[in-house]
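The values are calculated or read from the model by the stated rules, or taken from the named source; none is laboratory data. Here the structure is a predicted model, which means the values were calculated and not measured. Cβ atoms come from the backbone with ideal geometry, glycine included; neighbour counts cover every protein chain shown.
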Amino acid sequence: MESRRESEKKKLKRSEILEKKKAIDQSIKAASAQTDQLASFPPFRCFNRNGLCVRLESGRGDKLSPCMKQCIQSLLKANMEGPYGSEWAAEEKVKRREMVAPEARYIFVHSNANEMTVDDAPSPSPLLGFVHYRFTVEQEITVLYLYEIQLDSSVQGKGLGKFLMHLIELIARKNHMGALVLTVQKANSLAMKFYMSKLRFVISSISPSRVNPLVGVENNYEILCKTFDPDAKAILEVYSVQCRCYYHVIYILLNSSICILQCSNENPCFCSKCRCHVRVTCSNTILTY
């Protein structure tokens, strides 16, 4: 009798897992099938503020014209060669492959005076910026992953970047994604400040610096996220340790399953070495590493 119950429980659990996976796959498929995400947000087709007037268009990686590919590559190099430094040569090859992937989705920014479309002939400066994003899955959570947001220097500092990020968040929410996720270079301090201070992103639990603090500090990037529901928050944010004390990090790693500072959500504890306050989200003093 007992073994039969256990067998039934296992079957039920397998069924639940399969149903969840099916729902996730359907959600990603439905979101990716939309040919024009801008159609749901007509006010975002144009940006006319601070002396800047541009129009936005949707696109996809496997429909890029040769001219558009060249424009994307040029803008990437202009903006990213500096932050990547000596790693740019290798990274550029990766980005060239990523940009033409069938799952790649785009928002293109054009001058309003320039009526060029994605498949039109070349013109002096057809592309002022672009957003490359994808609908995908992270830790069994459906997410909109922001691969790139690149703007020409002539249109920076006018509120366009924030406008585009608001649009991307709306697209994520409309398609029932659990979170908006992106990768940012640590060397790009302006971008880090923009995402974390102005847009309220946080460093995700899947970022190298959170997965393994000792090894993660050697990585040159962070993964940031903004979650939209409790499940996504619990998995992609998990906890936040603000203390940068070397001894504290070592202590946590050596006692990774137990909250050695005995903290609670209501009463943040402090590092016993540097005495700075540490915020840790835990349940019954157990950390979910």
Exercise for the section: Inspect segment 175-193 for any residue being within 20 Å of GLN37 (Cα to Cα), assigned by TED's automatic domain parsing to the domain that holds CYS53 and of a type in the set (Gly, Ala, Ser) and give the result as yes or no. Expected result: yes
Exercise for the section: Scan (1) in a helix (DSSP H, G or I); (2) in contact (Cβ under 8 Å) with a residue 12 or more places away in the chain for the single condition CYS53 breaks and write down its number. Expected result: (1)
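Listed residues LYS69, LYS10; which is assigned to a helix (DSSP H, G or I), of a type outside the set (A, V, I, L, M) and in the same structural domain as GLN156 (by TED's automatic domain parsing)? Give the steps one after another, and end with the answer.
Numbers: LYS10 fails: in the same structural domain as GLN156 (by TED's automatic domain parsing).
Matching residue, one of LYS69, LYS10: LYS69.
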Problem - Close pairs from segment 131-157: first charged (D, E, K, R), partner surrounded by fewer than 19 Cβ atoms within 10 Å (Cβ to Cβ) and not in a strand (DSSP E or B), Cβ under 6 Å, at least 6 apart - result: ARG134/GLU103
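Residue-by-condition table, conditions (1) in contact with a Pro (Cβ under 9 Å, 6 or more places away or on another chain); (2) in the same structural domain as HIS176 (by TED's automatic domain parsing); (3) within 26 Å of LEU167 (Cβ to Cβ); (4) surrounded by 14 or more Cβ atoms within 10 Å (Cβ to Cβ):
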residue: SER3; (1), (2), (3), (4): no, no, no, no
residue: LYS22; (1), (2), (3), (4): no, no, no, no
residue: PHE44; (1), (2), (3), (4): no, yes, yes, yes
residue: GLY51; (1), (2), (3), (4): no, yes, yes, no
residue: LEU64; (1), (2), (3), (4): no, yes, yes, yes
residue: GLN73; (1), (2), (3), (4): no, yes, yes, yes
